[in-house]
Each structure stands twice: as structure tokens, then as C-alpha cells.
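Down below is the structure, laid out as C-alpha cells.
The values are calculated or read from the model by the stated rules, or taken from the named source; none is laboratory data. Remember, predicted model here, so these are calculated numbers, not experimental data. Reconstructed Cβ throughout: ideal geometry from the backbone, glycine too, with neighbour counts over all protein chains shown. Note: accessible area is taken over every heavy atom of the protein model, side chains too, but ligands, DNA and RNA are not part of it. Shrake-Rupley method; radii C 1.70, N 1.55, O 1.52, S 1.80 Å.
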Amino acid sequence: MRQSSSDNNMNRLKYLSKKIEDGESVVAGVCLIASTSLIFLAAVVRSFSRPINWSLDISLFLFSWAVFFSADVAYRDNKLVSLDFFLARLSDNMKRILSAFIYIVIFVFLVALFYYGIILAYKTRERAFQGIPNFSYSYITMSLPVGALLLLRSTVEKIIALFSKDGGR
């Protein structure tokens, strides 16, 4: 029996979503390890009177991207701080209503974060690092709107799961 085109499209979207999630996890880990390693290397080399002037700039770049990718990974996997002790006392219907309200607040915040992140990235486009003259500071500030978009995607998935047949369970 042939799959319908909508089922085929859903499978493709799920496959693409899984690839994005896997890529996020890898990039977050690589950026964090590289940032930490570079800071450690710079500290060791500095003790031999050979400072690496650009190390803090690159570490900041790597860390900013690691933060936003890691935030989405943790949010998507429900690894962030939550108020389960409070939600456990509510009825299923109230849990769903409160969760929907929280996701809507998060959604609105992330839209604002994306909007103002784009503005910030544009305003910092001509700012350069001290240690790397041709490296624009907007490469760091772009992590804000990109991270907000990824978190928006995860929030939309959580809202859809909340209102699906099984109520997001």
C-alpha cells in the first residue's frame, strides 16, 4: 500500500527536525569544548609570556553560540527548571491551560528576542574585536536571533503536542 503524499511530507519533516536537533547538540558540544579548550590553552601559553590575543574573542564567539544551542537542546528535552510540584496539584485540564499560557508567554518573549536580536546584530555589524580586526561582533550577536528561532520552533512543537490527541504525554 502506498503512503499518501501528506504522510510522506510528515516523515520528511520529522527526519529534517531530527537532523536539526542532532546538529544542534553536536554544535553546542563542539563550541563549548572548543571555547573551554581555547581559554585553557591561552592561559597556559600566557604563563610562558606568549599571549594569544584573539583567544578571548573566539572563545566569546564559541560560547555565545553554545549557550543558545544548548538552551534549545535542554528546553526541547525538558531539562530546564520547572515547577512540577505545583503542576502536580492541578487537574489535567488546569495543567493544560496553565501550560498553554506559559508556552504563549514564552512564544511572545522569543518573538521579541528574535526581533531585537536582529536589530542588535545589525547595529553591531561594523564593530570589530580588538584581537581580530576583520571579525565583526555581529557574528556573536547573530546567535541571539538564531537561538530564538530554534527555541521558537521547539515552543511551537510543544504547543502542538499539548493540543494533540494525547495532550502532549
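Listed values, structure above:
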| quantity | calculated |
| --- | --- |
| Helices (runs of 4 or more DSSP H) wholly inside the range 27-127 that include at least 3 residues being more than 22 Å from the chain's Cα centre (by Cα) and more than 16 Å from LEU144 (Cα to Cα) | 84-87, 92-123 |
| Qualifying residue in the range 50-61 (condition: open to solvent by less than 60 Å² (accessible area, probe 1.4 Å) and aromatic (Phe, Trp, Tyr)) | yes |
| Matching residues, the range 113-169, being open to solvent by 80 Å² or more (accessible area, probe 1.4 Å) and among the hydroxyl-bearing types (Ser, Thr, Tyr) | TYR115, TYR116, TYR122, TYR139 |
| Residue satisfying all of: in the range 21-41; free of Cβ contacts under 8 Å to residues at least 40 places away in the same chain and of a type in the set (Val, Ile, Thr); farthest from PHE68 (Cα to Cα) among these | ILE39 |
| Residue within the range 141-159 that is in a helix (DSSP H, G or I), farther than 23 Å from LEU32 by Cα, under 13 Å from the mean Cα position of the chain (by Cα) and polar (S, T, N, Q) present | yes |
| Residues located in the range 91-112, provided they are among the aliphatic types (A, V, I, L, M) and open to solvent by 80 Å² or more (accessible area, probe 1.4 Å) | MET94, ILE97, ILE104, VAL108 |
| Whichever residue in the range 15-26 is over 13 Å from the mean Cα position of the chain (by Cα) and of a type outside the set (Gly, Ala, Ser) and, among such residues, is most open to solvent (accessible area, probe 1.4 Å) | TYR15 |
| Qualifying residue in the range 75-98 (condition: touching a residue at least 12 places away in the same chain (Cβ under 8 Å), within 25 Å of LYS18 (Cβ to Cβ) and among the small types (Gly, Ala, Ser)) | no |
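Table: residues versus (1) within 22 Å of ASP57 (Cβ to Cβ); (2) charged (D, E, K, R).
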| residue | (1), (2) |
| --- | --- |
| ASP77 | no, yes |
| LEU87 | no, no |
| ASN93 | no, no |
| PHE107 | no, no |
| LEU113 | no, no |
| ILE119 | no, no |
| ARG125 | yes, yes |
| ALA128 | yes, no |
